[in-house]
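Read-outs throughout are calculated quantities, based only on the coordinates presented, and are distinct from any laboratory measurement. Computed from a predicted model, the values in this text were never measured in an experiment. Cβ: placed from backbone, ideal geometry, glycine included. Neighbour counts: every protein chain shown.
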Amino acid sequence: MTATATPLAAAPAGARPRAGLRGLPWLVLRQHRVTAWCAASALAALVVGLVWLRFGMDDFIDSRAIRDACITSTECPTAQATVDYFRRTAGDLLHYLGYPLMLLPPIAGMFVAGPVVARELESGTYKLAWTQSVSPLRWFAVKLSVPAVAVLAGGSLLSVAYTWAWQAVPEVLLPGQAWYHSFDTLGAAPVAHALLGIAVGALAGLLVKRAVPAMGAALVGYLVLAGELLDNLRAHLVGPVTQLSAAQPGLIRDRTWMLERGIVTRTGEHIAEPNCGVDVSPEGCLARHDGAGWYLEFHPYSHFWPLQWAEAGVSVVLAAVVTGGAVWLLRRMYR
Amino acid sequence: MTDLTYLPDRTALEAAGLGVEHRRGWALRDCSFRIPAGRICALVGPNGAGKSTLLSLAAGLRRPTTGALHVFGGARPSDRAARPRIGYVAQDKPLYPHLTVGETLRVGEELNPATWDWATAERIVAAGDLPPAARIGSLSGGQRTRVALALALGKRPELLLLDEPLSDLDPLVRHEMTAELMSAAAEHATTVVMASHVLAELDGVCDYLLLVADGRIRLAGEVEDLLSVHSLVMGRHEAEGLPREFTGHTVVESRVTGRQITALLRTDGPVAGEWEVAEPSLEELLLAHLRSPDAPPLLTPGAEPRMNVPAPKEAV
Amino acid sequence: MVDFRIDRRTGVATYLQIVQQVKQALRLGLLAPGDKLPTAKEVVAATAINPNTVLKAYRELDREGLVEARPGLGTFVRRSLARPGAGADSPLRGELADWTQRARAAGLDREDVAALVASVLDEHFGDPARRPSEGTGTG
């Protein structure tokens, strides 16, 4: 088998003046050179694509004057064809360009679990690293930091580009990509989720010690934490607005994340979405539950950034806890 | 005076009450010994005796269940200051398969910035005609061993732990690698602990011995001292049982062939009677002890641990 | 310079082999006073033996006064074992050659001559097998 020469290995003999990364970070990056190149290329392509999409959408929306397009086709039938066209092309493209950001956290977690951590434990190369002048703890810290820094930098850039492209579109044009639907691909959330994914991956790698099963464990672990915990927690991270009214409030409101509608009883109790059956008027329903009026819980658009930062904060704290657990495990196993 | 490279008063590695429990039982049990600095120590024992476990403890890759293991007279192998001073080559010679030979040596430099010796590492690799651009994954087992040893010697450790280092080398390369190890020891007074079950490759190389069997230390001490307290005794087998002249000595092993009895004795003074007495070779000493697991263990005075540790807890 | 040849099967301790080979070189004049012995590292690099063994041999030679260690410089030959009469062109050698020729003419073969010489040597110098080890004591 012939080997490929690499510029890193070229210079023999004498002292080695070197530029760039040194020490363990150099090794970690060298080990995952191919992955790093692929990720960087994908990032560049995505950012270019998003910038191009943003300008394209701006241009299209302004030239066709559909910024204030109506929501239902009956009100303005002439614009409807244009709006549909926009949704089919730019809308779908924007939607699919969000996938990388949505998949970044589990993929980062699986990468750290398998190739970064567990593979070294599985193949025994950790013995090589730990018996140089590097402690297991430092090894682990660097193994975690290099992907974390990469995700912080690359993920943030991608998220900024995506959020910026997404902001070009008025919600009426793409109601399926309203801020509360695209929450996971906007702002700080994807980056913070990716950090959590990396922490979960590192713990899974240490626990399972075999590359492929560790990747599975990381995926399951992340989905449980993010899918179950974070998703259910999100609406409550910032207190929602509660509006009371005598008449039953409508559920369609621009740029608003509706959480719950229900009846306030005379004793002050909240009954969510009371089941009054078909053919019962709101008034009848109110009477049947001895209600005093209606309430509506929702997050207005002004809650978008507070919710983003709160969720990012929770994610990062969770990531820190998981990392702490991994460090504890490492110290217990090898010292 | 010509100074010996070993420094009898300085300790490279010592253990007291050392025990390691695996899922399937005890890999090491109540091990106590001491290896003075500058020694070339053979770590001998049958497969599965606990040699690799002992070396990985000394390399700071795992921790003991009971007792303690210290390096350099008081540090734990995992201490920040101790790690740069210990070199280790595991039995499976782990290396990163996707890196080239040159990059692997750079790993040595990057991870041992304080001690790395390019000249030594490159000399060893060049002697094997390994091009720096060759990928580790494309090398043969013997070539990988060469790179692993280059990495370990390039680190210039004070304590070098080698797990079956020469087993997959041809005789020529084995001689060359042994010479490299011995040169390093001569030049830097490196303490070398070398696990092996090929007894022939140790004779003339090692001056210190650690015999492990069933997770326990059976013999520990200077090879010369261990040999001189043992005698290979041959003579006529007169009656059933051991000859009366053997009482007072410890019989490690005795074998009767026809009318001849051959015994390895741990002698206490001269053996009375008409016997042909000879000093055993290292191989004879080791084989006799490996065949007789019930012979009492022996530590020479220099091999007694000097560290202060709490009385070893005997786990049940 | 001397090259040491270590034979692991003879049963002779390695350090003793080095001592004997240095003495042999001194006798034959291969090493003369002031010559530097190879360093332990050089010996070890060529023979793959334990460096402590080399140092032990040099210490033994030092004790016998044949060599001296100069710290930082190396180990140097102090005195020669070459005797004027032991050289290749000495009259004693010539006499021995004449004698050997006569013995051969008388029908003795190589082993007979060697046995004869050994017994005469034992008579005049003592039996080497009864001495604890070669060369201890003097110095």
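Table for the structure above
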item	result
Per-selection Kirkwood Rh - chain B (Cα, Å, 1 d.p.)	20.8 Å
Helix A:33-63 axis, angle to chain A major axis (alpha carbon atoms, nearest 10°)	30 degrees
Mean projected area in nm² (Cα convex hull; one quarter of hull surface) for chain A	24.8 nm²
Chain A - percent relative contact order, Cα under 8 Å, separation 6 or more	20 percent
Taking C:111, B:158 and counting other C-beta atoms within 10 Å, the order from fewest to most	C:111, B:158
Rg to Rh, two decimals, where region B:225-296 supplies the alpha carbon set and Rh follows Kirkwood	0.92
Neighbour-count ranking [beta-carbon atoms within 10 angstrom, fewest first] of A:99, A:180, A:301	A:99, A:301, A:180
Sites residue A:149 and residue B:21, calculated FRET efficiency, Cβ-Cβ separation with R0 45 Å, nearest 0.05	0.70
Cα-based reach from residue A:127 at 27 Å (exclusive), listing lysines while leaving out same-chain residues under 8 positions away	A:143, A:209, B:51, B:93, B:155
Computed Kirkwood radius, in angstrom, where 1/r is averaged over Cα pairs of chain C	17.1 Å
The protein assembly as shown - share of DSSP beta bridges that are antiparallel (%, nearest 5)	75 percent
Chain A: most fluctuating residue of A:136, A:282, A:106 per GNM, C-alpha cutoff 10 Å	A:282
Share of Cα-Cα pairs in region C:14-77 lying beyond 19 Å, as whole percent	22 percent
Of all DSSP beta bridges in chain B, antiparallel share, percent nearest 5	65 percent
Helix B:282-291 vs. chain B, principal-axis angle (Cα, 0 to 90°, nearest 10)	70 degrees
GNM flexibility winner over chain A from A:185, A:125, A:163 (Cα, springs under 10 Å)	A:125
Value in Å of the Kirkwood radius, where region A:53-206 supplies the Cα pairs that are averaged	17.9 Å
Using alpha-carbon coordinates, inclination of helix B:171-188 to the longest axis of chain B, degrees	80 degrees
Rounded to whole Å, sorted largest first: equivalent-ellipsoid semi-axes of the protein assembly as shown, Cα gyration tensor	81, 31, 19
Listed residues B:46, B:265, B:186: farthest to the positive end of the dipole of the protein assembly as shown (Cβ charges)	B:186
Selection from A:284, A:242, A:264, by position along the positive dipole direction of region A:241-301 (Cβ)	A:242
